[in-house]
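Undergrad: The structure under discussion is supplied below as structure tokens; questions concerning it will follow.
The values are calculated or read from the model by the stated rules, or taken from the named source; none is laboratory data. The model shown is predicted, which means the values in this text are computed figures rather than measured ones. Glycine gets a Cβ as well: all are built from the backbone with ideal geometry, and neighbour counts include every protein chain shown. Quick note on the areas: whole protein, heavy atoms, side chains included, nothing else; ligands and nucleic acids left out. Shrake-Rupley method; radii C 1.70, N 1.55, O 1.52, S 1.80 Å.
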Amino acid sequence: MKRARPTPPPTATITTRSSPRPPPTPPPPPPRHSSRKHLNLVFQPTNWAPVNLTQSELSLPLTFPTGQTFRWKQTGPLQYTGTLGPHLISLKHHQNGDVYYQIHHSPSQSAAKSALLSFLNTNISLTEMWHEFAAADSRFAELAQHFKGARVLRQDPLECLIQFLCSSNNNISRITKMVDFVSSLGDYLGNVEGFEFHAFPSLERLALVTEQQLREAGFGYRAKYVTGTVSALQLKPEGGVKWLESLRKLQLQMVIDSLCTLHGIGLKVASCIALFSLDQHHAIPVDTHVWRIATTHLVPELAGASLTPKLCGRVADAFVSKYGKYAGWAQTLLFIAELPSQKALLPSVTVNEKKSSKKRGSKAQRGN
């Protein structure tokens with residue numbers, strides 16, 4: 001996950017909203033916040049610009065639709081669009097595989113680029129990391145040839161937390177619908193290729209949503225997890241958002257323990273949040289797929305045992321022992337290689353393994 005540089009790819013089609021020209025007098029009243037979907041948002045998108053990441057450093061199809069985030073949409077061939085705070089941004093692979101970005105809407109172009117580079121963890125070299133992993137594990141070396149560019153994202157902690165609250169015992173389609181509902185509560189930022197995009201709602205806005213509203217939106221028992229966690233975050237002395245961000249400075253076990261005090265968050269979900277938003281690069285979310293990987297290749301002596309919290313700890317320790325301080329990144333690639341859509345691409349997969357993989361497909365994501 002890799003050339004005279006060709007000209008950037010053409011600009012994507014952006015659907016913008018406009019309203020009739022107001023009469024000269026009297027001036028129209030200011031728009032109401034409650035009708036944000038009907039605001040006159042006219043975008044002046046920039047040209048596509050390089051992120052300075054090759055496909056070996058970032059593969060969009062191996063990063064966005066593989067269970068890390070459920071808010072980015074595929075808006076074209078090898079193109080994904082999402083929001084980072086108040087910024088609406090698209091990413092796309094150029095013909096040579098390099099990644100380019102386009103800012104559709106932002107109060108600050110420089111702030112948007114800074115947010116994007118942070119989100120993509122661009123200060124970490126995936127190529128160098130994978131070279132070390134491959135030297136330590138021949139199986140990783142083989143898989144890495146087929147899954148170059150599977151990168152770990154650095155998401156906003158509140159956004160990541162709410163998404164993984166929705167993921168408990170769920171499938172990707174339903175998780176996405178639930179996350180779309182929550183996202184729709186935020187400020188409308190624009191429409192790209194038929195998809196509407198909103199900034200993720202603030203903690204204060206989330207606090208206005210009732211459990212009944214979430215249940216009516218299809219959240220089921222997860223509704224009480226969302227409302228309970230939002231209420232708990234609001235009670236944090238320094239504020240829930242700052243409290244979550246402060247976890248980035250703590251040791252992993254303290255992060256896990258802190259997250260598990262919130263409603264509906266167990267070890268697995270806490271590990272996902274820690275890895276994908278809190279800079280805990282050696283966090284290992286252990287689900288049935290990671291358990292199978294571990295008992296087959298890392299701790300075969302545990303094969304046949306029942307997965308317990310104690311054994312989750314042994315699995316996590318085995319990954320860290322094998323791959324070091326970025327073990328969570330190695331585990332991410334191994335997890336992606338287990339997804340039916342990706343596993344079918346491996347030349348070594350047998351027909352029987354493919355059939356077995358399809359049976360597991362509906363729950364092959366981070367929430368299970």
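Undergrad: From the Cα gyration tensor of the range 107-183, with a ≥ b ≥ c the square roots of its eigenvalues, which class applies: rounded if a/c is under 1.5, or else prolate if a/b is larger than b/c, or else oblate? Present the calculation step by step, with values, prior to reporting the outcome.
TA: Details: a/c = 3.07, a/b = 1.36, b/c = 2.26.
Note, shape of the range 107-183 comes out oblate.
Undergrad: What is the Rg over Rh value, at two decimals, for the range 229-297, using alpha-carbon atoms and the Kirkwood definition of Rh? Don't jump to the answer; show the numbers that get you there.
TA: Details: Rg = 13.3 Å, Rh = 12.7 Å.
Rounded to two decimals, Rg over Rh is 1.04.
Undergrad: Another question about this same structure. Please report the net charge: other residues with Cβ closer than 14 Å to the Cβ of LYS249, K and R +1, D and E -1.
TA: -1
Undergrad: How would GLU211, GLU204 line up by accessible area, probe 1.4 Å, largest first?
TA: On the way: GLU211 70, GLU204 120 Å².
Heavy-atom accessible area, descending, gives GLU204, GLU211.
Undergrad: Per-residue accessible area for TRP48 at 1.4 Å probe radius, Å² rounded to 10?
TA: Estimated to the nearest 10 Å², TRP48 gives 10 Å².
Undergrad: Something else now. Quick one: which residues, 5 or more positions from VAL51 or on another chain, have an amide H under 5 Å from its amide H? H modelled 1.01 Å from N in the peptide plane, none for Pro or chain starts.
TA: Counting only residues 5 or more places away or on other chains, the set is VAL99, TYR100, TYR101.
Undergrad: Here's another thing I want to ask about it. For THR288 and ARG314, calculate 0.36 nm times their separation in residues minus their Cα-Cα distance, and state this gained length in nm to one decimal.
TA: Working: separation 26, 0.36 × 26 = 9.36 nm, distance 1.43 nm.
Stretched out fully, the THR288 to ARG314 stretch lengthens by 7.9 nm.
Undergrad: How far apart, in nanometres, would the label points at ASN169 and ILE124 be if each is projected 7 angstrom from Cα along the Cα-to-Cβ direction?
TA: That separation, rounded to one decimal, is 3.1 nm.
Undergrad: A further question on this structure: Taking only Cα atoms of the range 242-340, what ratio of Rg to Rh do you get with Rh as the Kirkwood inverse-distance radius?
TA: Details: Rg = 13.2 Å, Rh = 13.7 Å.
Checking Rg against Rh, the ratio lands at 0.97.
Undergrad: How would MET254, MET129 rank on accessible area, largest to smallest, probe 1.4 Å? Can you show the working numbers first?
TA: Details: MET254 105, MET129 15 Å².
Putting MET254, MET129 in descending order of accessible area: MET254, MET129.
Undergrad: Between SER231 and SER202, how many nm apart are label points set 7 Å from Cα along the C-beta direction?
TA: Result: 2.2 nm between the two label points.
Undergrad: Same structure again: Net charge near GLN280: determine it from the other residues with C-beta under 12 Å of the C-beta of GLN280, scoring Lys and Arg +1 and Asp and Glu -1. Please report the intermediate quantities before stating the final value.
TA: Working: positive: ARG154, ARG248, LYS249, LYS325; negative: ASP279.
Local net charge: +3.
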